[in-house]
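Working notes, beginning with the structure itself.
Just so it is clear, none of the values below were taken in a lab; they were calculated from the coordinates. No experiment lies behind these values; they were computed from the predicted model shown. Here Cβ is always computed from backbone atoms with ideal geometry, including for glycine, and neighbour counts include all displayed protein chains.
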Amino acid sequence: MDVSPVIFDLRIPKAADSPALRWTLSVLADFLGIAWRIREHSGTELAIEREGMQLLLRGNLQGLAQMMPPSSLTLLPWPTRLTRPHGADANVPVLFGEPKCSFPEAGRCELAVDVIRTAFFMLSRVEELAPTPRDRHGRFPGWASAAARLGVLQRPVVDEQVALLRALMDALWPNSLPSSSCGGVDVSCDVDEPYERWIRSPAYLAKGLAGALLRRGSPAVAMRRLRNALASRRADYRHDPNWTFDWYMDQCERAELQARFFFIARQGGRDVDAAYDLREPRMLGLLRRICERGHLIGLHGSYGSYRSAEALSEERRTLESACELAGVPREIVDNRQHFLQWTVNESVPCLEQAGFKTDSSGGFSDAPGFRFGTSRPFQMWSWHSMRPSKLTQRPLIVMETTLLAQGERSISEQLVDQILTLRTTATQHGGSFGFLWHNSNLSSAAERQAFVRCIS
């Protein structure tokens with residue numbers, strides 16, 4: 001039986017009321033597991049009230065939609081009278097407001113950390129509207145974010161401030177909030193290259209054999225590629241280093257996880273486009289097997305589609321048609337953009353118009369961490385309509401290729417430890433650890449061992 005959330009009175013200044021403020025408060029209420037009864041007043045303060053007690057939230061509530069990035073970072077040591085959540089850092093990062101918290105009298109608390117402004121800044125991605133230099137794929141780079149500049153990209157600053165807010169509310173209203181439990185792992189696979197590229201065509205095979213013999217000087221690699229090409233024509237995929245899907249699902253099932261597989265639905269002639277056709281017998285069989293084993297299928301929006309609702313709609317229909325042809329009809333409502341091509345002002349309305357309900361593109365391609373300051377799924381803000389979107393974001397925290405690209409493209413204990421640290425950080429705040437590992441990076445024993453450790 002569903003339990004209705006506890007309702008708290010929330011007094012907000014009438015002069016500061018706006019759709020941006022209401023959306024921010026709604027997301028915070030969802031993170032806390034409560035509900036607001038909002039009342040406007042003529043003052044300047046925002047206060048949470050219940051049973052004669054009050055939590056005053058000081059901060060600047062004006063101009064949220066036009067706010068500038070924080071210029072510096074301060075730290076608030078956890079108040080000694082509050083219980084610090086297990087595993088939480090001893091200091092809460094403060095992007096806006098002041099690192100002050102006080103209990104001036106019984107039943108009353110004042111918090112000068114600007115939780116509202118921090119939440120809107122991080123969750124809405126307002127800073128990505130600025131004309132910051134983009135990379136060659138049109139992406140906002142992680143290094144340009146305020147979180148990276150201030151050294152907190154690998155900390156979920158919104159979740160940490162929500163944990164502080166929760167602790168303050170627990171102190172004022174004991175046992176009123178639902179308990180905060182640890183989160184889980186949201187593992188996913190972007191199917192960029194389901195099978196080895198050298199078997200696409202005789203021309204590709206010739207290129208692969210020449211590369212193995214001339215550039216690498218390895219007849220063994222050439223023979224392996226030739227053996228895979230010949231075996232694949234007989235529907236024998238045991239020699240294909242990319243065809244790891246059954247093993248992938250085996251490991252997820254042992255960890256009691258439901259994996260998400262994102263497929264590209266539009267072919268192209270460039271390396272950035274899909275090199276497979278969903279109507280191929282082996283691809284139809286893969287779609288069928290994923291669904292029959294209880295895992296999920298989503299669209300991997302093609303290169304350049306992040307700004308076209310028409311292209312995304314067409315690709316969604318193509319994937320749905322392929323699922324129907326495979327005998328497992330599905331409504332495709334999940335998406336992740338190829339190359340993580342995504343812009344806050346264009347992609348959100350396009351995905352919404354194309355009929356998607358969730359998006360998992362919210363990670364930086366050049367750096368792991370918390371792009372939105374949270375690992376929790378949340379209803380997005382639409383800069384197109386200046387209203388809450390119908391689209392839910394499932395933040396991506398780690399993509400294995402991001403970490404591999406930063407090093408020597410080899411699996412190491414250090415890399416695995418970095419992933420596990422981020423996993424612990426995400427889940428201890430009750431969020432979902434958004435974790436992406438491609439099927440094509442599981443050919444070696446070291447890669448497979450690392451993957452198992454990360455999801456176990």
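Counting neighbouring beta carbons within 10 Å and listing from fewest to most, the residues V92, V6 come out as V6, V92.
Full extension of the chain between R453 and E331 gives 40.7 nm of extra length, using 0.36 nm per residue less the Cα-Cα distance.
Pulled fully out, how much extra length does the chain show between E256 and R282, if you take 0.36 nm times their separation in residues and subtract their Cα-Cα distance? It would help to have the intermediate numbers written out before the result.
Values: separation 26, 0.36 × 26 = 9.36 nm, distance 2.62 nm.
Computed gain between E256 and R282 is 6.7 nm.
Give me the one-decimal nm value for the distance between modelled label points at V3 and A15, 7 Å along each residue's Cα-to-Cβ direction. Computed distance between label sites V3 and A15 equals 4.1 nm. With contacts taken as Cα pairs under 8 Å and at least 6 residues apart, the chain reaches a relative contact order of 17 percent.
Loop sites here are GluC sites (Glu not before Pro) outside DSSP states H, G, I, E and B with no more than 13 other Cβ atoms within 10 Å. The longest part of the chain free of them is 52-255. Within the shell defined by Cβ-Cβ distances under 13 Å, the residues around V92 carry a net charge of -1, with Lys and Arg each +1 and Asp and Glu each -1. Counting neighbouring Cβ atoms within 10 Å and putting the fewest first, the residues V272, V3, V344 line up as V3, V272, V344. When the alpha-carbon atoms of the chain are used, the pair Rg, Dmax equals 24.1, 80 angstrom. Estimate the FRET efficiency between A171 and S444 by the formula 1/(1 + (r/R0)^6), using the beta-carbon distance for r and 45 Å for R0, to the nearest 0.05. E between A171 and S444, to the nearest 0.05, is 0.30. Taking the chain as the reference, fit the longest principal axis to its C-alpha atoms, fit the long axis of helix 413-427 to the helix C-alpha atoms, and give the angle between the two in degrees, 0 to 90, nearest 10. Between helix and principal axis, roughly 40 degrees.
Determine which residues of the stretch 339-362 fall in the zone a paramagnetic label at R317 would reach in this model, i.e. backbone nitrogen under 16 Å from the point 7 Å along Cα→Cβ. Taking a point 7 Å out along Cα→Cβ of R317, the residues of the stretch 339-362 whose backbone N falls under 16 Å are 353-356. If you plug the beta carbon distance of S42 and E105 into 1/(1 + (r/R0)^6) with R0 = 22 Å, you get a FRET efficiency near 0.40. One Cα centroid belongs to the stretch 55-99, the other to the stretch 283-317; the line between them spans 40 Å. Bridging of K390 to aspartates and glutamates at a Cα separation below 14 Å is possible for D334, E352, D359, once same-chain residues fewer than 8 apart are set aside. Model label sites at R387 and V272, defined 7 Å from Cα along the beta-carbon direction, differ in position by 3.3 nm.
Ranking M386, M122 by Cβ neighbours within 10 Å, fewest first, what do you get? Write down the numbers at each step before the final one.
Numbers: M386 12, M122 25.
Listing M386, M122 from fewest to most nearby Cβ atoms yields M386, M122.
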